[in-house]
1. Which pairs turn up if I take residues in the stretch 51-71 that are within 15 Å of residue 281 (Cα to Cα) and open to solvent by 10 Å² or more (accessible area, probe 1.4 Å) and look for partners that are modelled with pLDDT of 90 or more and of a type in the set (Asp, Glu) with beta carbon separation below 7 Å, at least 6 apart in sequence or on another chain?
2. Return the pair list, or none, for Cβ contacts closer than 8 Å from residues in the stretch 279-297 that are on the phi < 0 side of the Ramachandran plot and touching a residue at least 60 places away in the same chain (Cβ under 8 Å) to residues that are open to solvent by 40 Å² or more (accessible area, probe 1.4 Å) and among the aliphatic types (A, V, I, L, M), at least 6 apart or on different chains.
3. Take the conditions closer than 29 Å to residue 314 by Cα, out of contact with any Pro (no Cβ under 6 Å at 6 or more places or on another chain), among the aromatic types (Phe, Trp, Tyr) and surrounded by fewer than 22 Cβ atoms within 10 Å (Cβ to Cβ) and apply them to residue 264. Does it pass?
4. Kindly list the number of the only condition in (1) modelled with pLDDT of 65 or more; (2) among the polar types (S, T, N, Q); (3) open to solvent by less than 60 Å² (accessible area, probe 1.4 Å) that fails for residue 76.
5. Filter the stretch 370-384 down to residues that are within 17 Å of residue 272 (Cα to Cα) and more than 20 Å from the chain's Cα centre (by Cα) and give me whichever is modelled with the lowest pLDDT.
6. Out of everything in the stretch 304-352 that is assigned to a helix (DSSP H, G or I) and aromatic (Phe, Trp, Tyr), what residue ends up being least open to solvent (accessible area, probe 1.4 Å)?
7. Name the residues in the stretch 385-398 that are open to solvent by 40 Å² or more (accessible area, probe 1.4 Å) and either modelled with pLDDT of 90 or more or not polar (S, T, N, Q) (or both), would you?
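The values are calculated or read from the model by the stated rules, or taken from the named source; none is laboratory data. The structure displayed is predicted, hence computed values, not measured ones. Quick reminder, even Gly has a Cβ in these numbers, built from the backbone with ideal geometry, and neighbours come from all protein chains shown. All accessible areas refer to the heavy atoms of the entire protein, side chains included, with ligands and DNA or RNA removed. Shrake-Rupley method; radii C 1.70, N 1.55, O 1.52, S 1.80 Å.
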Amino acid sequence: MSDTNKEVMDLVWGRPSGGGVPVSLFRRWSQGFVFSEAERSALEQFEGGPCAVIAPVQMHGLTCVLFILTEEEQRTVLCSTLSEILESACLNKTQAFHLATLPRAKTTDSSDITDSHPEPESSQPTDTPTALAAEELGFERFHSVIQKRTLRTVGELREAVLSLYDTWKNKFGVLLFLYSVILTKGIENIKNEIEDTSEPLIDPVYGHGSQSLINLLVTGHAVSNVWDGDRECSGMKLRGIHQQASVGFLTLMESLRYCKVGAFLKSPKFPIWILGSETHLSVFFTKEMALVAPESPSEQARRVFQTFDPEDNGFIPDTLLEDVMKALDLVSEPDYVNLMKSKLDPEGLGIILLGQFLQEFFPNQDSVIPDSFPVYHYNGLKQSNHNEKVSYVEGTALIMGFEDPMVRTDDTPVKRCLQTKWPYIELLWTTERSPSLN
């Protein structure tokens, strides 16, 4: 086993005591990218754990096409999606890409990761190796036979990924793709981004993917936090998200006040979001591009105000009003600021409420978001779907104003998760029960 191989193992699985990674945990992660028979563009997850890879791939794939029918289209979209994620993980477009693959039949004696350059397409097999029965590969043996294939250009990468379609579909496809991302990004580069390098990307006990792993596949950066930019804490730099993501992330943990997702993940370029529960990842999406339109002045003001209200109380101390007004390029002369303090806080409580601030400076601004629009939810686990068939659950979202008098729909985990972005969202699903986050 090569040193590179050992480093990848330690980064992903850590160094579990008591005999290594449990067989059952490795088995749960040993699956390929398999499309559902019931929904030809939906990937299926067999057991808990690999949603940390499958959900981001599903989400990126939805930016290409929503509903595909033919097997050839499945092949094209999956391979294009895997290539795009690998490209986003590549720090410098002039550096090489690396694919983790199993050896072909004629090279099964290899027990080391070796660098190999792409051969002509005509000599590239499209099937997984026949000499290595996937069922017989345990954790140690699997990691000892992985080979590293190096590609120098994006064109070579895309051609190679397409030629390996059957590899991605078969038993170790998810892990081989994950290792390809790690090798392309660079092990040291990932360690430099992760907050706690002793924490493996996959929990060695429960098998859940870490936030660093999710962020790596969603944004190309393995940072451990979901807020915008970096923060200082006791002299330590805590790294967050540094630019608008193509696809987003929302989490039930925010509704429970364990964290706060920043605007770069909450407001992505495409209206597609991973939804995180305590133990699983699913995907929420819509075709309504107005949801990711540029911020209106009032939306920008809300976001800026909330950066001064990190605990999400809905108010700030009046001493911060001047800073908020400056950040929004509003008139911030001391006399005017004092006048606004008196108007926004007539009882002298020493606080400025978000609602009153927006009403004073950004009144009657029409939102570009439509009142209602079709939405879809994806959960890759069979047991979490109706009749155990992985398919999209369709519904209608209604975005209400905080003053709208209306009977609210049920309080479900998926709704609580979405309310971290749209506080007054209501959901009407076409199914008898709300889709599951778990």
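1. Matching pairs, first to second residue: 60/84.
2. Short answer, once both residue conditions are applied: 290/368; 293/368; 296/368.
3. Against the criterion (closer than 29 Å to residue 314 by Cα, out of contact with any Pro (no Cβ under 6 Å at 6 or more places or on another chain), among the aromatic types (Phe, Trp, Tyr) and surrounded by fewer than 22 Cβ atoms within 10 Å (Cβ to Cβ)), residue 264 qualifies.
4. Just one mismatch for residue 76, condition (3).
5. 370
6. This residue is 305.
7. 386, 388, 389, 394, 396
Condition check ((1) of a type in the set (Ser, Thr, Tyr); (2) touching a residue at least 40 places away in the same chain (Cβ under 8 Å)) across all residues:
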position	(1), (2)
141	no, no
154	no, yes
159	no, yes
162	no, yes
166	no, yes
171	no, yes
175	no, yes
198	yes, yes
